[in-house]
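A quick write-up on the structure given underneath.
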Amino acid sequence: MARTLIAGNWKMNGLRASLVEITAIAGGVTPAKENVEALICVPATLLMQAADQARESALNIGGETCHTNEKGAHTGDVSAEMLADAGASYVIVGHSERRADHDETSEIVASQAAAALRAGITPIICVGETAAERDSGKAIEVVTGMLRDSLPEGASAESVVIAYEPVWAIGTGNVATVEAVDEMHNALRSCLADVYGAAADLIPILYGGSMKPDNAGDLLAVKNVNGGLIGGASLKATDFLAIYAKA
Ligand code: 13P
């Protein structure tokens with residue numbers, strides 16, 4: 001069975017004053033629950049301090065993207081090695097906002113995930129369909145194709161996390177139905193089994209898209225849902241911890 005991962009994604013939100021939320025979350029997830037991990041992915045500017053504040057707790061800190069290279073002439077970019085050095089143990093790759101704003105293709109995402117593994121941190125590989133793709137009945141085909149193309153070569157099942165985030169559910173309050181999530185997560189699990197065999201059962205598949213304290217219980221109860229990737233509701237410790245409590 002896969003472990004459960006309750007992960008926050010702060011996106012481009014948070015100043016140093018917001019780090020009080022990290023301290024509150026770190027306090028709320030300690031002592032750790034068995035087989036349930038907590039993670040907050042923060043902007044690069046906050047990473048070192050967030051990691052310092054979380055050090056004595058069960059809270060993991062992660063980055064939100066990384067470059068494919070270890071170092072070099074890439075002004076403004078941050079490598080996976082830099083994230084690891086700053087205290088990150090996870091990094092989100094292929095978020096739909098990165099795919100849309102920075103033209104990150106699944107091929108690039110696979111290289112970013114490989115870079116994370118090279119640096120010794122766990123990539124959370126995001127996939128998800130647009131509203132138009134769902135309306136045309138192609139959601140499963142699109143998302144499983146994205147997953148296949150975004151997996152790094154040579155990874156083991158123990159070293160990756162997948163997040164299904166329907167684009168139309170992100171930041172909209174339009175959460176996917178339990179039936180749609182069940183169907184998609186089953187399809188993703190079979191797709192992972194084609195690549196990793198029986199070990200695919202160890203890979204956490206997170207759901208993301210308007211997950212809140214009031215809908216988290218139903219979503220987390222779905223068979224192949226092994227946690228959440230939470231945007232808006234991860235910015236406040238009380239909301240994040242209320243979701244963590246349902247896991
Ligand atoms: P919301 O929870 O704000 O919809 O964001 C989801 C998301 O994009 C997490 O990566």
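The values are calculated or read from the model by the stated rules, or taken from the named source; none is laboratory data. Please read these numbers as outputs of a predicted model, since none were measured by experiment. Cβ coordinates were reconstructed from backbone atoms using ideal geometry, including for glycine residues, and neighbour counts include every protein chain displayed.
Just give me the residues in the range 157-171 being near the ligand (Cβ under 9 Å from one of its atoms) and acidic (Asp, Glu), in sequence order.
Once the filter is applied, which keeps residues that are near the ligand (Cβ under 9 Å from one of its atoms) and acidic (Asp, Glu), the range 157-171 yields only Glu165.
Go through (1) under 15 Å from the mean Cα position of the chain (by Cα); (2) surrounded by 23 or more Cβ atoms within 10 Å (Cβ to Cβ) for Ala110 and report which single condition fails.
The single condition Ala110 does not satisfy is (2).
Can you name every residue in the range 219-237 that is in a helix (DSSP H, G or I) and away from the ligand (no atom under 15 Å from the Cβ)?
Result: Ala237, single match.
Any residue that is surrounded by fewer than 15 Cβ atoms within 10 Å (Cβ to Cβ) and farther than 24 Å from Ala233 by Cβ - is there at least one of those in the range 54-66?
yes
Based on what the data block shows, is Ala180 surrounded by 14 or more Cβ atoms within 10 Å (Cβ to Cβ), away from the ligand (no atom under 16 Å from the Cβ) and in a helix (DSSP H, G or I)?
No: the conditions fail for Ala180.
How about the range 94-107: which of its residues are crowded, with 18+ Cβ neighbours inside 10 Å and either assigned to a loop (DSSP other than H, G, I, E, B) or free of Cβ contacts under 8 Å to residues at least 40 places away in the same chain (or both)?
Across the range 94-107, the qualifying residues are Gly94, His95, Arg98, Arg99, Glu104.
Please go through the range 32-57 and pick out each residue that is part of a loop (DSSP other than H, G, I, E, B), farther than 16 Å from Ile121 by Cβ and in contact with a Ser or Thr (Cβ under 9 Å, 6 or more places away or on another chain).
Residues satisfying the conditions are Ala32, Asn35, Glu56, Ser57.
If the requirement is being charged (D, E, K, R), more than 19 Å from the chain's Cα centre (by Cα) and modelled with pLDDT of 95 or more, which of these qualifies: Glu64, Glu56?
Glu56
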